[in-house]
Amino acid sequence: MDGSGNSLLAGPEGRKKRVCYYYDSEVGNYYYGQGHPMKPHRIRMAHSLLVHYGLHQKMDVFAPTKAKERDLCLFHADDYVRFLKTVTPETQHEQIRQLKRFNVGEDCPVFDGLFPFCQTYAGGSLGGAVRLNQKMADIAINWAGGLHHAKKCEASGFCYVNDIVLAILELLKFHERVLYIDIDIHHGDGVEEAFYTTDRVMTVSFHKFGDYFPGTGDIRDVGFEKGKYYSLNVPLNDGIDDESYQCLFKPIISKVMEVFQPGAVVLQCGADSLSGDRLGCFNLSVKGHAECVRFMRSFNVPLLLVGGGGYTMRNVARCWCYETGVAVGVELEDKMPYNEYYEYFGPDYTLHVAPSNMENQNSLQYLQTIRERLLENLSRLQHVPSIQFSERPPDTEILDEDEEEMDVKGKIRIWDGEFYDSESEHAENLRSNHDLDANNVAALRRHTPELTEGQTTKRFKCNEEKGSNVVNSSIL
């Protein structure tokens, strides 16, 4: 069966793009532990599906070079990176104080191969940024990346190393301004915090807000000092559907592109905003989610696509496969080609799944209020910020293996693990922990009335052991 489908319609979004794609064949072997919702295996499933649709033949496929320690330390604290490198499941009981200090534990467990896993997914995002900088690609894809919660000195929300921050720092070597957009259901707190005080990076996050992890992302959080109004937060309620989502996404992002004029865009495509996600509560279809990719593609600005959340594996694979098709300019057939994980996609064996009939708790009035508030914030940015490039930092050294050295066209090794789509007690406990975190943040807001707009303690959490989560201004 030829599942490649037809080319997209003519127009800006239909122009042929040079797309590079990063995939490590071992990524699906990493395992967070029994019952943990985060399954790197979903990346292998997405890869298998897109290969059987023939999409790998329309891209330059690379195995990422593992990011070096010094690369990770461009954002993360040296002692935190050393801890990630040395801790193992066998030795973690000897490092209780450090586990607590670096927030490594239940949500972010120590597992076999933790540091190589971090190096691999960070390497893919860095490699993509380098190829965009060198104009060797128009779009770069790293579905293993997108771990947006990681902080400078700590793990958070299943994330250890913030590959997005590292990729943006790489892009800033060539571009005066970089735009970051996050369509994961969770607030992109780690990236926002990293660039909260600069006008060179604008962050825009569309997310569930309220008693929900990580508890940040209030519409009033707009940035600080030079970065004021360069952070946009779009707080959403349960059940948002495709139409409601796009009535915010397109006008807001259109205005951002007009006012900010980024030289490059990073789009975090967390798939937990899809309908039916195991930890999510939105109601987006695969096509509705992918419409964000299609829209950003139409601006013809260098674009880095990364993954993120997504905990119903079969739907994550569907989504990222389809969005890969959007990136290369091909509309995929709904009928799915046979692949190694075909049984996961039954009983219909189709690429698209209908959204549920859950209630959309985002009223038209609420959506209009949010849109007007954010467009007003954008109107306060009178001039495109510019910087003086003095001596550009050296490029990150990336030695990617090309597809001829990878077995991407052959049979992918079949994973023989358990099925994970059913809810578990452990997942419920994680939900409870996330809710507790959100409640703590809300209580913190109530008991610190002296904090002004956009200055929550979450932004500049700092004590003797944890430094500020903001990127060092000397490298911006």
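Restricting attention to region 252-285, which residues are β-branched (Val, Ile, Thr), in a helix (DSSP H, G or I) and within 13 Å of THR203 (Cα to Cα)? I'd like the intermediate steps shown before the answer.
Let us first name the residues in region 252-285 that are β-branched (Val, Ile, Thr), namely 252-253, 256, 259, 265-266.
Subset that is in a helix (DSSP H, G or I): 252-253, 256, 259.
Those that are β-branched (Val, Ile, Thr), in a helix (DSSP H, G or I) and within 13 Å of THR203 (Cα to Cα): ILE252, ILE253, VAL256.
Of the residues that make up region 312-326, is at least one at pLDDT 95 or above, open to solvent by 10 Å² or more (accessible area, probe 1.4 Å), not aliphatic (A, V, I, L, M) and not in a helix (DSSP H, G or I)?
no
PRO355 - would you say it is surrounded by fewer than 24 Cβ atoms within 10 Å (Cβ to Cβ), in contact (Cβ under 8 Å) with a residue 24 or more places away in the chain and not hydroxyl-bearing (Ser, Thr, Tyr)? If you could, list the steps in order and put the result at the bottom.
On the way: surrounded by fewer than 24 Cβ atoms within 10 Å (Cβ to Cβ): yes; in contact (Cβ under 8 Å) with a residue 24 or more places away in the chain: yes; not hydroxyl-bearing (Ser, Thr, Tyr): yes.
When the stated conditions are applied, PRO355 passes them.
When region 43-82 is examined, which residues are found to be assigned to a helix (DSSP H, G or I), within 26 Å of GLU193 (Cβ to Cβ) and open to solvent by 20 Å² or more (accessible area, probe 1.4 Å)?
GLU69, ARG70, ASP78, ASP79, ARG82
Determine which single condition TYR230 fails, assuming it passes every other condition in (1) touching a helix residue (DSSP H, G or I) at 6+ places or on another chain (Cβ under 7 Å); (2) aromatic (Phe, Trp, Tyr); (3) more than 22 Å from TYR121 (Cβ to Cβ).
(1)
This table checks each residue for (1) under 21 Å from ASN377 (Cβ atoms); (2) buried (at least 24 other Cβ atoms within 10 Å of the Cβ); (3) hydroxyl-bearing (Ser, Thr, Tyr).
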position: ASP107; (1), (2), (3): no, no, no
position: ASP163; (1), (2), (3): no, yes, no
position: ALA167; (1), (2), (3): no, yes, no
position: GLY188; (1), (2), (3): yes, yes, no
position: MET202; (1), (2), (3): yes, yes, no
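Could you list, in sequence order, the residues of region 295-311 that are in a helix (DSSP H, G or I), open to solvent by less than 20 Å² (accessible area, probe 1.4 Å) and in contact with an Asp or Glu (Cβ under 9 Å, 6 or more places away or on another chain)? Break it down into steps so the answer makes sense when it comes.
Filtering region 295-311 down to residues in a helix (DSSP H, G or I) leaves 295-297.
With open to solvent by less than 20 Å² (accessible area, probe 1.4 Å) added as a condition, the list becomes 296-297.
Correct list: ARG297 only.
Residues to consider are CYS269, CYS247; find the one that is modelled with pLDDT of 95 or more, closer than 25 Å to ARG318 by Cα, buried (at least 19 other Cβ atoms within 10 Å of the Cβ) and not small (Gly, Ala, Ser).
Of CYS269, CYS247, the one residue that is modelled with pLDDT of 95 or more, closer than 25 Å to ARG318 by Cα, buried (at least 19 other Cβ atoms within 10 Å of the Cβ) and not small (Gly, Ala, Ser) is CYS269.
Tell me which residues, restricted to region 18-42, are in a helix (DSSP H, G or I) and either farther than 15 Å from THR120 by Cα or open to solvent by 10 Å² or more (accessible area, probe 1.4 Å) (or both). Full working, then the answer.
So in region 18-42, the residues in a helix (DSSP H, G or I) come out as 27-29, 41-42.
Hits for region 18-42 are ASN29, ARG42.
Quick one: what pairs do we get from region 367-395, first residue more than 14 Å from LYS226 (Cβ to Cβ) and modelled with pLDDT of 75 or more, second of a type in the set (Gly, Ala, Ser) and not in a loop (DSSP other than H, G, I, E, B), C-beta under 9 Å, 6+ apart or different chains?
Listed pairs, sorted by first residue: LEU367/SER244.
Determine whether GLU343 is surrounded by fewer than 22 Cβ atoms within 10 Å (Cβ to Cβ), under 25 Å from VAL51 (Cβ atoms), over 18 Å from the mean Cα position of the chain (by Cα) and modelled with pLDDT of 95 or more.
Numbers: surrounded by fewer than 22 Cβ atoms within 10 Å (Cβ to Cβ): yes; under 25 Å from VAL51 (Cβ atoms): yes; over 18 Å from the mean Cα position of the chain (by Cα): yes; modelled with pLDDT of 95 or more: yes.
Yes.
For residues that are in a helix (DSSP H, G or I) and either closer than 14 Å to LEU364 by Cβ or of a type in the set (Val, Ile, Thr) (or both), scanning just region 228-244, find the one that is least open to solvent (accessible area, probe 1.4 Å).
Here is the first cut: in region 228-244, the ones in a helix (DSSP H, G or I) are 242-244.
Now restrict to residues that are either closer than 14 Å to LEU364 by Cβ or of a type in the set (Val, Ile, Thr) (or both): 243-244.
Details: GLU243: 150, SER244: 14 Å².
My answer is SER244.
Can you work out which of the residues in region 227-256 that are without any contact (Cβ under 8 Å) to a residue 60 or more places away in the chain and not aromatic (Phe, Trp, Tyr) is farthest from ASP277 (Cα to Cα)?
So the residue we want is GLY227.
Looking for something within 25 Å of THR65 (Cβ to Cβ), assigned to a loop (DSSP other than H, G, I, E, B) and within 12 Å of the chain's Cα centre (by Cα) - is there at least one such residue anywhere in region 166-178? Show your work before the answer.
Here is the first cut: in region 166-178, the ones within 25 Å of THR65 (Cβ to Cβ) are 166-175, 178.
Now narrow it down to the ones that are assigned to a loop (DSSP other than H, G, I, E, B): 172-175.
Pick out the ones that are also within 12 Å of the chain's Cα centre (by Cα) and you get none.
No, every residue in region 166-178 fails to be within 25 Å of THR65 (Cβ to Cβ), assigned to a loop (DSSP other than H, G, I, E, B) and within 12 Å of the chain's Cα centre (by Cα).
Kindly indicate whether GLU333 is open to solvent by 10 Å² or more (accessible area, probe 1.4 Å), of a type in the set (D, E, K, R), farther than 30 Å from TYR212 by Cβ and at pLDDT 95 or above. It would help to see each step written out before you state the result.
Details: open to solvent by 10 Å² or more (accessible area, probe 1.4 Å): yes; of a type in the set (D, E, K, R): yes; farther than 30 Å from TYR212 by Cβ: yes; at pLDDT 95 or above: yes.
Considered against the rule, which asks whether it is open to solvent by 10 Å² or more (accessible area, probe 1.4 Å), of a type in the set (D, E, K, R), farther than 30 Å from TYR212 by Cβ and at pLDDT 95 or above, GLU333 comes out as yes.
Take THR350 and tell me if it is among the hydroxyl-bearing types (Ser, Thr, Tyr) and under 19 Å from ILE183 (Cβ atoms).
no
The values are calculated or read from the model by the stated rules, or taken from the named source; none is laboratory data. Quick caveat: nothing in here was measured; it's all calculated off a predicted structure. As a convention, Cβ positions derive from the backbone with ideal geometry for all residues, glycine included, and neighbour counts pool all protein chains shown. When the accessible area is computed, the model is the full protein with side chains, heavy atoms only, and any ligands, DNA or RNA have been set aside. Shrake-Rupley method; radii C 1.70, N 1.55, O 1.52, S 1.80 Å.
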